[in-house]
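Report on the structure given below.
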Amino acid sequence: MNNSAANTGRVLWAGLRALLVLTVVCGVLYPLAVTGIAQLAFPGKANGSEIESGGKVVGSELIGQTYNLPLKDGEETAAPDLKWFQPRPSNGLGANSVNTQYAIILSGATNRSGDNEDLITWVKDAKAAVIKDNSTADYKVKPSDVPAEAVTSSGSGLDPHISPEYAKLQVHRIAEKNNLTVPQVDKLVADHTDGRILGFIGEPRVNVLQLNIALKELTKG
């Protein structure tokens, strides 16, 4: 009995020592080392790919944002502020949508099939709104001009990018609302269009937050 108890005690003590050592190595030293390397090698990405404007953080280049007018009494959803470039919809397009405000806690898709009646209605309504909002006195948007991402959300519902085509569709409205010329806004879009990664991965894209920050700077000038 004494030998058995002694052996059990040694095994328990060895297990406790292993637990303490692994806790320190895996739970303290390794995370500190990885964090330190990340801060030295990739400080921007390690801190959430933050974007600054006017000396303060205004968002992340990885998470989309809305650009809406303040909610009025009785309104369930805010109207878009049309002086800014608008992002793609976030997880649906109606008041009953899962996520209409790019709330990161609700990341995910709508999970509605292509023949879902609600989804079809949302897409049609969104397309009509895109055509109406972006048509000006000297520029009329045609239904065939509206790209898919202008009326559908991404798989995450948090996509911070739009296609160059959707950005260019908004150029005339942006110019009119901000007292700018169309060539000025066209250049702004071109300067903030990122190409394919390594020249062949993905599609060209425009980060809406970075584009709107540049637009704000342009209107100040």
(request) Output ³J(HN,Hα) for region 18-32: one whole-Hz value per residue in order, computed from phi by the Karplus curve 6.51 cos²θ - 1.76 cosθ + 1.60 with θ = phi - 60°, and x for Gly and Pro. (result) 4, 4, 5, 5, 5, 4, 5, 5, 7, x, 10, 5, 5, x, 5
(request) With everything on Cα atoms, drop me the angle between helix 182-191 and the longest principal axis of the chain, reported from 0 to 90° to the nearest 10. (result) 20
(message) Only sites in a loop by DSSP and with at most 12 other Cβ atoms within 10 Å count here; which trypsin sites (Lys or Arg not before Pro) in region 160-212 make the cut?
(response) R196
(message) Using a Gaussian network model on the chain with a 10 Å cutoff between Cα atoms, which of G155, G59, G36 fluctuates the most?
(response) G36
(request) Report the accessible area of E217, computed with a 1.4 Å probe over the heavy atoms of all protein chains in place, in Å² rounded to the nearest 10. (result) 90
(request) Identify, among G199, S156, L211, the residue whose Cα sits farthest towards the positive end of the charge dipole of the chain, taking +1 on the Cβ of Lys and Arg and -1 on the Cβ of Asp and Glu, with the dipole about the Cα centre. (result) G199
(message) Using a probe radius of 1.4 Å on heavy atoms only, what accessible surface per residue do you get for the chain? Whole Å² is fine.
(response) 62
(request) For D115, D191, D159, write out the residues from largest to smallest accessible area, computed with a 1.4 angstrom probe and no ligands counted. (result) D115, D191, D159
(request) Could you tell me how many degrees, from 0 to 90 and to the nearest 10, lie between the Cα long axis of helix 208-220 and the main elongation axis, the longest principal axis, of the Cα atoms of the chain? (result) 50
(request) For R88, R112, R17, give the ranking by accessible area with the largest first, probe 1.4 Å. (result) R17, R112, R88
(message) Strictly over 23 Å apart at the Cα level, which of K177/K216; K56/K187; K124/K177; K45/K177 would you flag in this model?
(response) K56/K187; K124/K177; K45/K177
(message) Cross-link candidates for K142: which aspartates and glutamates have Cα within less than 18 Å, leaving aside residues fewer than 8 places away along the same chain?
(response) D125, D133, E165
(message) At 7 Å along Cα-to-Cβ for each site, give me the label-to-label distance between K124 and Y67 in nm.
(response) 2.9
(message) Please compute the length gained on full extension between L12 and I197, using 0.36 nm multiplied by the number of residues separating them and subtracting their Cα-Cα distance.
(response) 61.3 nm
(request) State the percentage of accessible surface on the chain attributable to carbon and sulfur atoms; use a 1.4 Å probe and exclude ligands, DNA and RNA. (result) 58
(request) Could you tell me how many degrees, from 0 to 90 and to the nearest 10, lie between the Cα long axis of helix 117-134 and the main elongation axis, the longest principal axis, of the Cα atoms of the chain? (result) 50
(request) With a Förster radius of 35 Å, plug the Cβ-Cβ distance of L32 and N111 into 1/(1 + (r/R0)^6) and report the FRET value to the nearest 0.05. (result) 0.30
(message) Using a 7 Å offset from the Cα along the Cα-to-Cβ direction at both E165 and K140, what is the distance between the two label points in nm, to one decimal?
(response) 2.1
(request) May I have the extent of the alpha carbons of region 168-221 along their three principal axes, as whole Å values ordered from largest to smallest? (result) 37, 19, 14
(request) Using the charge dipole of the chain (Lys, Arg: +1 at Cβ; Asp, Glu: -1 at Cβ; taken about the Cα centre), state which of Y30, V189, V141 has its Cα farthest towards the positive end. (result) Y30
(message) With every protein chain left in place and a probe of 1.4 Å, what is the accessible surface of L20, to the nearest 10 Å²?
(response) 100
(message) Charges at C-beta only: +1 for Lys and Arg, -1 for Asp and Glu. How large is the resulting dipole of the chain about its Cα centre, in Debye rounded to 20?
(response) 580
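The values are calculated or read from the model by the stated rules, or taken from the named source; none is laboratory data. Remember, it's a predicted structure, so these values are computed and weren't measured experimentally. Don't worry about glycine lacking a Cβ; one is built from the backbone with ideal geometry, like all the others, and counts go over all protein chains shown. Heavy atoms of the whole protein, side chains included, go into the accessibility calculation; ligands, DNA and RNA do not. Shrake-Rupley method; radii C 1.70, N 1.55, O 1.52, S 1.80 Å.
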